[in-house]
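Peer 1: First the structure, which I've put down as structure tokens, then a few questions once you've had a look.
The values are calculated or read from the model by the stated rules, or taken from the named source; none is laboratory data. Since this is a predicted model, take the numbers as computed values, not measurements. Methodologically, a virtual Cβ is constructed for each residue, glycine included, from the backbone with ideal geometry; neighbour enumeration extends over all protein chains shown.
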Amino acid sequence: MTSHLPLINQIEKETTTLNLGPTHPATHGIFQNVLEIDGEKIVSADQTVGYIHRAFEKLAERRPFYQITTLTDRLNYCSSPINNMGWHMTVEKLLGITLPKRAQYIRVIAMELARIADHLILNSILAVDTGAMTGFLYVMQEREKIYDIYEEICGARLTTNMGRIGGMERDLNDNAIKKIHQFLRDFPKVYAEFEKLVARNRIFMDRTIGVGGISAERALSYGFTGVNLRAAGVDYDVRVMEPYSSYEDFEFDIPVGQHGDVYDRFCVAGQEIWESVKIIKQAIENLPTDSYHADAPEYYLPPKVEVYKNMEALIYHFKIVMGEIDMPAGEVYHAVEGGNGELGFYLVSDGGRTPYRLHFRRPCFIYYQAYPELIHGSNLSDAIVTMSSLNVIAGELDA
Amino acid sequence: MTKISNNFLLEQLQSKFGDKILSYDEPHGMLTVVADPSINIEILEFLFQEPQLQYQFLTDVCGIHYPDQDLPLGVVYHLHSLANNHRVRFKFFLPDHNPHIRTASQLHAGANWMERETFDFYGIIFDGHPNLKRILNVDEMEVFPLRKEFPLEDPNRIDKQDKFFGR
């Protein structure tokens, strides 16, 4: 009697489908990866994004320019001030407004603080995903201090809505300056300790070296920017290539990696934190004493005291608050170095009160498509570490 | 580091593609070239391979809609030559109905999702794209929401009518 059981070599090889996300703790946001795995090796990955798509580009077409800043807060919410400033600078480019040095330096301070906050999250969450919880909680205290400084500058912590078209909404107050000095004193010790804890840790290095690597050619082809591109060895940084907001005044280095793997990304981001500290130090020490906003009464909201006693200020106040200011027609593209790459704003104005078209060049939307290639053939646990190191922020991904 | 001027780039393009370059402009310092959509890949390849130019970084692809034009739908490419630190913008205009343009995803891997996004919002079909389907909106959606014929709010609402400012 012949056996009904199939022979072992006749069994069809089967792969397993695994849903990583949409609400998986390791995805740090709402997006889904449908992984096809063979044992523990990843065969293919199919991404689904758009779970928190809020149609910012469509919303922006109906909003006055002043009300779009709040939309940019919600792109990369780990570094909102950079998005805010990027948007203001785009509009200022369209208007042809040049800011006084003090306003530019204050912006640089805010942006570099935001970069530190962003990279702190990136690096400490990466440590959490490899099993090191302590370091994360330790540096989150410092992020709180950065948020305290935001609070002194603009009154908000997470969705900052910082700055105005034409400058900052108010000058740096003494408390803010004190807190920045305090931060510059305390933070380096804390971050140095974090690096001591993680950077040369055997387990961490084993988990991250040679994982999720990409060559410089592929990274460029995929449109990588920011830390991910520099980790692959390309020294492209918008702050240096096309200096904005007086970045040319500061002395800082652009760290680059070699292999583009998770460990290189960790090291580049860590080194960038040190460079940001350097920039903030220079900016706060050489803070110019001119005005914190440009002389552009038509576009810059006047101080409230003036509104009560000055007719012109009242008119401008009313027109700006009601969104009745027409912008000149034209089209501009302005890029800033965001927390995770080149954040670009492509703005087309037809001369009305709202943009005709506004497109956000969102860095992580563009580089996240390389994820299947990065994790192909690697283990599931490597896939999670790779995703964590890419600094994909769902708010920016889905706009 | 060599430096490219907008004029030099424009001369190169005009000598290579002649009257397929339809018009050009320089808003806020960035050369903006409107060209015939049938040669979009030829232009991207030429800019990519020419050793003097090396526009090898595709910064952005997006769509734009001008309902009043003869060719209302536009595809906008932002290219960056990292070697020369120079940016250029290209626009290709397409008809409203059945707009087709060839994909750049074989040349720039990153064009894949950017073109899907453009398709998702404007319905521009990128021929030869490996996986042209909606990306941010739900698959069941039947319209292309960033086109201007779709107002953000229901125009029949009267509670939001603003008699003083007329909008």
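Peer 1: Does A:Tyr138 satisfy the condition of being hydroxyl-bearing (Ser, Thr, Tyr) and closer than 25 Å to A:Arg362 by Cβ?
Peer 2: No, not satisfied.
Peer 1: Could you tell me which numbered condition A:Val321 fails, if it satisfies all but one of (1) more than 14 Å from chain B (Cβ to nearest Cβ); (2) surrounded by fewer than 21 Cβ atoms within 10 Å (Cβ to Cβ); (3) under 26 Å from A:Ala176 (Cβ atoms)?
Peer 2: That leaves (1) as the condition not met.
Peer 1: Also: Quickly run through segment B:81-94 and pick out the residues that are facing chain A (nearest Cβ under 9 Å) and without any contact (Cβ under 8 Å) to a residue 60 or more places away in the chain.
Peer 2: The answer is B:Leu82, B:Arg87, B:Arg89.
Peer 1: Okay, next question. Of the residues A:Ile116, A:Ile82, A:Ile52, which is surrounded by fewer than 23 Cβ atoms within 10 Å (Cβ to Cβ), among the hydrophobic types (A, V, I, L, M, F, W, C) and either away from chain B (no Cβ under 14 Å) or in contact (Cβ under 8 Å) with a residue 60 or more places away in the chain (or both)?
Peer 2: So the residue among A:Ile116, A:Ile82, A:Ile52 that is surrounded by fewer than 23 Cβ atoms within 10 Å (Cβ to Cβ), among the hydrophobic types (A, V, I, L, M, F, W, C) and either away from chain B (no Cβ under 14 Å) or in contact (Cβ under 8 Å) with a residue 60 or more places away in the chain (or both) is A:Ile52.
Peer 1: Additional query: Kindly indicate whether any position in segment B:25-41 is under 24 Å from A:Asp350 (Cα atoms), more than 10 Å from chain A (Cβ to nearest Cβ) and without any contact (Cβ under 8 Å) to a residue 24 or more places away in the chain.
Peer 2: Yes, the conditions are met somewhere in segment B:25-41.
Peer 1: Also, quick follow-up: Only one of (1) farther than 25 Å from B:Leu146 by Cα; (2) at the interface with chain B (Cβ under 9 Å from one of its Cβ atoms) fails for A:Arg361. Which number is that?
Peer 2: (1)
Peer 1: Do you know which residues across segment A:218-265 are assigned to a helix (DSSP H, G or I), within 17 Å of the chain's Cα centre (by Cα) and either modelled with pLDDT of 95 or more or closer than 25 Å to B:Trp113 by Cα (or both)?
Peer 2: Once the filter is applied, which keeps residues that are assigned to a helix (DSSP H, G or I), within 17 Å of the chain's Cα centre (by Cα) and either modelled with pLDDT of 95 or more or closer than 25 Å to B:Trp113 by Cα (or both), segment A:218-265 yields A:Gly226, A:Val227, A:Asn228, A:Leu229, A:Arg230, A:Ala231, A:Val238, A:Arg265.
Peer 1: Take A:Glu312 and decide whether it is closer than 27 Å to A:Tyr105 by Cβ, more than 12 Å from chain B (Cβ to nearest Cβ), among the acidic types (Asp, Glu) and out of contact with any strand residue (DSSP E or B) (no Cβ under 9 Å at 6 or more places or on another chain).
Peer 2: Considered against the rule, which asks whether it is closer than 27 Å to A:Tyr105 by Cβ, more than 12 Å from chain B (Cβ to nearest Cβ), among the acidic types (Asp, Glu) and out of contact with any strand residue (DSSP E or B) (no Cβ under 9 Å at 6 or more places or on another chain), A:Glu312 comes out as no.
Peer 1: If only one of A:Leu59, A:Leu20, A:Leu122 is at pLDDT below 95 and within 14 Å of chain B (Cβ to nearest Cβ), which one is it?
Peer 2: Answer to the check: A:Leu59.
Peer 1: Out of the residues in segment B:6-18 meeting the condition of being loosely packed, with under 13 Cβ neighbours inside 10 Å and either of a type in the set (Phe, Trp, Tyr) or at pLDDT 90 or above (or both), tell me which one is nearest to B:Ala83 (Cα to Cα).
Peer 2: Looking at the filtered set, the residue picked out is B:Asn7.
Peer 1: Checking the conditions here, which among A:Glu373, A:Glu312, A:Glu306, A:Glu396 is assigned to a helix (DSSP H, G or I), touching a Cys at 6+ places or on another chain (Cβ under 9 Å) and among the acidic types (Asp, Glu)?
Peer 2: A:Glu396
Peer 1: Can you name the number of the only condition in (1) surrounded by 15 or more Cβ atoms within 10 Å (Cβ to Cβ); (2) away from every other protein chain (no Cβ under 14 Å); (3) of a type outside the set (Val, Ile, Thr) that A:Tyr222 fails?
Peer 2: Of the numbered conditions (1) surrounded by 15 or more Cβ atoms within 10 Å (Cβ to Cβ); (2) away from every other protein chain (no Cβ under 14 Å); (3) of a type outside the set (Val, Ile, Thr), the odd one out for A:Tyr222 is (2).
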